[in-house]
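Here is the structure we will look at, set down as structure tokens.
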Amino acid sequence: MQALKRVFALLAVVSLPAWAAPPPATVAAVQAPAWIERGGHVEPLAAGMPIENGDRIRTGDDARAYLSLAEGSTVKLGANAKLAFFSMGAKPRTEFRGALDVLVGAFRFTTDALSRIKSRDVVIRVGTATAGIRGTDVWGRSDASADLVCLIAGKIDIWHAALPGTVAMATPMSVFVAPKGQAPEPLTTVDPQQFARWARETEIEPGDGAARTGGKWKLALGRYAAESDALMQYDVARSAGFAARIKPFAAEDGAWNYEVTVPGFPDEGEAMATAARLKAATGIEATAAK
């Protein structure tokens, strides 16, 4: 357990120069609202955004976020989740060493079976429980009542302060539960129906309204002659967790105007589903456009 604590402590302070390596992870998809905190600065989470050592990610009500690790794994976050991401290593595509600190909410970590990674050393802390990952598929959640880890496939070792040693998990659909303030319960298994309900907490389904890397559609929030008006709309949307952008363009009279958009949607339907979320959160009316 002390070794795992040292992993988190080391990764929390180690930061490689920007030129040293590609980012250890990128944002693959976002179902807003969601935010990222880096160096004390908070901004909306956007598809395609790089994730660096020490970043903290937070999702809002009915939100989701997918992170693609450079070595091929995927991290999925459910609604009202908080995740601290730590990594180190000069070759994140082939040699990944990192830690995921799930402070609250649901997550899923899935490795790519076809990945050519040479070595993977991943530790996931879920509230009071810490899991050492060995090429696997894991779902978990930390909330006010308990910390839970479900092994879908592969193998993991669980550490907990109330236990004298580790708990080895190798049976698919086995579940580790540690009620808050109590010793962990004996391992159990989950039935398919219950797991399907858990899995939905971290999945983005078609029509949920998610921006994805490479999406060509956008939400148009408005065009403004005054930069101050555009900035006001931009600030409202971003404060609510929607990754708005401002693009200046030349009007017919030659003056500069400003368009506020939220880009990155794969199709019109996903864009309009997000428009409904945006209106509910801010009152802003938006339309889908290419």
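The values are calculated or read from the model by the stated rules, or taken from the named source; none is laboratory data. Predicted, not measured: the structure shown is a model, and the values here were computed from it. Heads up, the Cβs are rebuilt from the backbone with ideal geometry, glycines too, and the neighbour counts pull from every protein chain shown.
For region 88-108, the condition of being in a loop (DSSP other than H, G, I, E, B) and either closer than 26 Å to GLU205 by Cβ or modelled with pLDDT of 95 or more (or both) holds for none of the residues. Could you give every pair whose Cβ atoms fall below 6 Å, whose first residue belongs to region 246-274 and is small (Gly, Ala, Ser), and whose second residue is crowded, with 18+ Cβ neighbours inside 10 Å, counting only separations of at least 6 or pairs across chains? Correct list of pairs: GLY264/ALA47; GLY264/ALA211; GLY264/GLY215; ALA271/TRP217; ALA271/LEU219; ALA271/PHE265; ALA271/ALA288; ALA273/GLY209.
Identify all residues within region 216-261 that are assigned to a loop (DSSP other than H, G, I, E, B), among the aliphatic types (A, V, I, L, M) and under 25 Å from the mean Cα position of the chain (by Cα); write none if there are none. Step through it out loud before you land on a result.
Within region 216-261, the subset assigned to a loop (DSSP other than H, G, I, E, B) is 216, 225-226, 240-244, 251-255.
Now restrict to residues that are among the aliphatic types (A, V, I, L, M): 225-226, 240, 243-244, 251, 255.
Once the filter is applied, which keeps residues that are assigned to a loop (DSSP other than H, G, I, E, B), among the aliphatic types (A, V, I, L, M) and under 25 Å from the mean Cα position of the chain (by Cα), region 216-261 yields ALA240, ALA243, ALA244.
Pairs meeting the criteria (first residue in region 28-53 and over 13 Å from ALA244 (Cβ atoms), second residue buried (at least 20 other Cβ atoms within 10 Å of the Cβ) and of a type in the set (Phe, Trp, Tyr), beta carbons under 7 Å, at least 6 apart or on different chains) are ALA28/TYR66; ALA29/TYR66; VAL42/TRP35; ILE51/PHE85; ASN53/PHE86. Are any of the residues in region 263-285 at pLDDT below 95 and more than 12 Å from ALA211 (Cα to Cα)? No, the conditions are met nowhere in region 263-285.
A quick yes/no check of all residues on (1) at pLDDT below 95; (2) over 19 Å from the mean Cα position of the chain (by Cα); (3) polar (S, T, N, Q):
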{"residue": "ASP143", "(1), (2), (3)": "no, no, no"}
{"residue": "ALA146", "(1), (2), (3)": "no, yes, no"}
{"residue": "LEU151", "(1), (2), (3)": "no, yes, no"}
{"residue": "LYS155", "(1), (2), (3)": "yes, yes, no"}
{"residue": "VAL177", "(1), (2), (3)": "no, yes, no"}
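Listed residues ASN80, ASN53; which is within 15 Å of ILE124 (Cα to Cα) and part of a loop (DSSP other than H, G, I, E, B)? Break it down stepwise before answering.
Numbers: ASN80 fails: within 15 Å of ILE124 (Cα to Cα).
Going through ASN80, ASN53 in turn, the sole match is ASN53.
Filtering SER228, SER145, SER239 for residues that are of a type outside the set (A, V, I, L, M, F, W, C), more than 27 Å from VAL42 (Cα to Cα) and surrounded by fewer than 20 Cβ atoms within 10 Å (Cβ to Cβ) leaves a single hit, SER145.
Just one of the listed residues (ALA250, ALA280) is within 16 Å of ALA32 (Cα to Cα) and surrounded by fewer than 16 Cβ atoms within 10 Å (Cβ to Cβ), namely ALA280.
Residue-by-condition table, conditions (1) more than 21 Å from LYS76 (Cβ to Cβ); (2) hydroxyl-bearing (Ser, Thr, Tyr); (3) outside the structural domain of ALA153 (by TED's automatic domain parsing):
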position: ALA170; (1), (2), (3): yes, no, no
position: THR189; (1), (2), (3): yes, yes, no
position: GLN193; (1), (2), (3): no, no, no
position: LEU219; (1), (2), (3): yes, no, yes
position: ASP253; (1), (2), (3): yes, no, yes
position: TYR258; (1), (2), (3): yes, yes, yes
position: PRO263; (1), (2), (3): yes, no, yes
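Counting only residues that are within 19 Å of ALA81 (Cα to Cα), of a type outside the set (Lys, Arg) and out of contact with any Asp or Glu (no Cβ under 7 Å at 6 or more places or on another chain), region 197-224 holds 9 of them.
Residues of region 57-77 that are surrounded by 24 or more Cβ atoms within 10 Å (Cβ to Cβ), touching a residue at least 60 places away in the same chain (Cβ under 8 Å) and either outside any loop (DSSP other than H, G, I, E, B) or at positive phi (or both): ARG64, LEU77.
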